[in-house]
Amino acid sequence: MKVGVFDSGLGGLTVVSAITEVFNGADIFYVADTAHAPYGQKAPEQILKRCLEITNFLINKHEIEALIVACNTATSAAISYLRENFPTLIVIGTEPGIKPAIEFTKTGNVGVLATPATLKGDKYQLLVNQLSMNKSVRLFEQACPGLVEQIEKGEISSKKTTLMLEDWLKPMSLNSVDTIVLGCTHYPLVNETIKKIMGENINLIDTGCAIAKRLKLLSEDNGHINEGLLNICIYFTGEINTNMVNKIFKTSEQGDKIMIRKYEI
Ligand code: DGL
């Protein structure tokens with residue numbers, strides 16, 4: 001089984017890390033499109049163009065059978081197009097985990113942190129409209145421009161990053177938000193900083209595990225035998241912070257099976 005995964009940078013590796021927990025016997029080809037990051041401040045057409053270029057690269061070079069768009073922003077801009085145009089590929093997208101957050105919250109106040117493009121997208125609005133019919137909750141939505149850049153630099157707990165987060169999280173702590181949706185795959189990398197600000201009991205929701213389980217299910221339906229080694233090859237188009245890559249895979253047994261290569265796409 002050959003699986004392609006991509007994001008604008010390091011964020012999608014949080015999804016790959018979750019995949020390593022449940023998925024075996026496959027080659028994973030990851031593209032960190034760092035030459036074009038961040039996606040979250042780009043127009044949907046520009047993001048769609050990059051998604052197509054990366055998907056074609058993964059198909060032509062590696063004949064992938066499954067594609068994971070490990071980016072909420074790219075999913076919002078491109079998932080329908082990718083599904084329509086690559087019908088033989090298993091295509092899995094990433095959406096903010098509003099549903100589990102609504103189920104979990106006790107205070108009824110839920111925070112959503114995401115990129116400006118994700119929050120502006122029709123897909124997000126549709127998701128919120130559908131789910132808010134089930135239970136009435138108050139959503140505190142916050143775009144976080146600049147946070148992806150801080151994370152790419154490895155500044156996950158620096159003074160500047162902490163101040164940015166304190167500012168964005170203030171309305172949430174003042175309004176007893178007990179659950180925060182991490183609507184960008186980069187944001188689990190600042191979990192600890194968010195907890196320092198909001199308190200250890202804050203419930204932070206990301207969708208890495210759900211995506212990993214879905215990949216396992218859909219690929220097994222296609223005949224995949226979930227046994228054997230998992231090899232991970234990471235391509236990057238601009239720069240990559242290898243310390244952060246090591247940090248993400250630090251607790252994973254896959255850490256020593258990763259190849260990192262620069263590639264122009
Ligand atoms: N990791 C991304 C997401 O989930 C991309 C963020 C960005 O490049 O702005 O949205």
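Given the options LEU52, LEU67, name the one that is more than 16 Å from the ligand (Cβ to nearest atom) and closer than 23 Å to GLY121 by Cβ.
Working: LEU67 fails: more than 16 Å from the ligand (Cβ to nearest atom).
Among LEU52, LEU67, only LEU52 is more than 16 Å from the ligand (Cβ to nearest atom) and closer than 23 Å to GLY121 by Cβ.
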* Structure fact -> Every listed condition ((1) within 18 Å of the chain's Cα centre (by Cα); (2) in a helix (DSSP H, G or I); (3) under 16 Å from ILE98 (Cβ atoms)) holds for GLN150 save (3)
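Take the residues in the stretch 107-120 that are surrounded by fewer than 22 Cβ atoms within 10 Å (Cβ to Cβ) and either modelled with pLDDT under 95 or part of a helix (DSSP H, G or I) (or both); name whichever of them is nearest to the chain's Cα centre (by Cα).
Of the stretch 107-120, the ones surrounded by fewer than 22 Cβ atoms within 10 Å (Cβ to Cβ) are 107-109, 116, 120.
Now drop any that are not either modelled with pLDDT under 95 or part of a helix (DSSP H, G or I) (or both), which leaves 116, 120.
Working: PRO116: 15, LYS120: 17 Å.
Going through the qualifying residues, I end up with PRO116.
May I ask you to verify whether THR162 is of a type outside the set (Asp, Glu), crowded, with 17+ Cβ neighbours inside 10 Å, at negative phi and touching a Gly at 6+ places or on another chain (Cβ under 9 Å)?
Working: of a type outside the set (Asp, Glu): yes; crowded, with 17+ Cβ neighbours inside 10 Å: yes; at negative phi: yes; touching a Gly at 6+ places or on another chain (Cβ under 9 Å): no.
When the stated conditions are applied, THR162 does not pass them.
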* Give me the pairs, please: first residue somewhere in the stretch 20-49 and over 21 Å from GLU239 (Cα atoms), second residue anywhere and acidic (Asp, Glu), beta-carbon distance under 9 Å, and either six or more positions apart or on two chains. => THR20/GLU253; ASN24/GLU227; GLY25/GLU227
* Just give me the residues in the stretch 5-31 being away from the ligand (no atom under 16 Å from the Cβ) and under 17 Å from LYS262 (Cα atoms), in sequence order. => ILE28, PHE29
* Lone unmet requirement of (1) part of a helix (DSSP H, G or I); (2) free of Cβ contacts under 8 Å to residues at least 40 places away in the same chain for VAL190 -> (2)
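With the structure loaded, tell me whether ILE240 is touching a helix residue (DSSP H, G or I) at 6+ places or on another chain (Cβ under 7 Å) and outside any helix (DSSP H, G or I) or whether it fails that test.
Numbers: touching a helix residue (DSSP H, G or I) at 6+ places or on another chain (Cβ under 7 Å): yes; outside any helix (DSSP H, G or I): yes.
Taking the combined requirement at face value, the residue satisfies it.
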* Give the number of residues within the stretch 193-225 that are among the aliphatic types (A, V, I, L, M) and assigned to a helix (DSSP H, G or I). => 9
* Lone unmet requirement of (1) in contact with a strand residue (DSSP E or B) (Cβ under 6 Å, 6 or more places away or on another chain); (2) within 16 Å of the ligand (Cβ to nearest atom); (3) over 14 Å from VAL15 (Cβ atoms) for PRO96 -> (3)
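The values are calculated or read from the model by the stated rules, or taken from the named source; none is laboratory data. None of the values given here were measured: they were computed from a predicted structure. Positions of Cβ are backbone-derived with ideal geometry, glycine not excepted, and every protein chain shown enters the neighbour counts.
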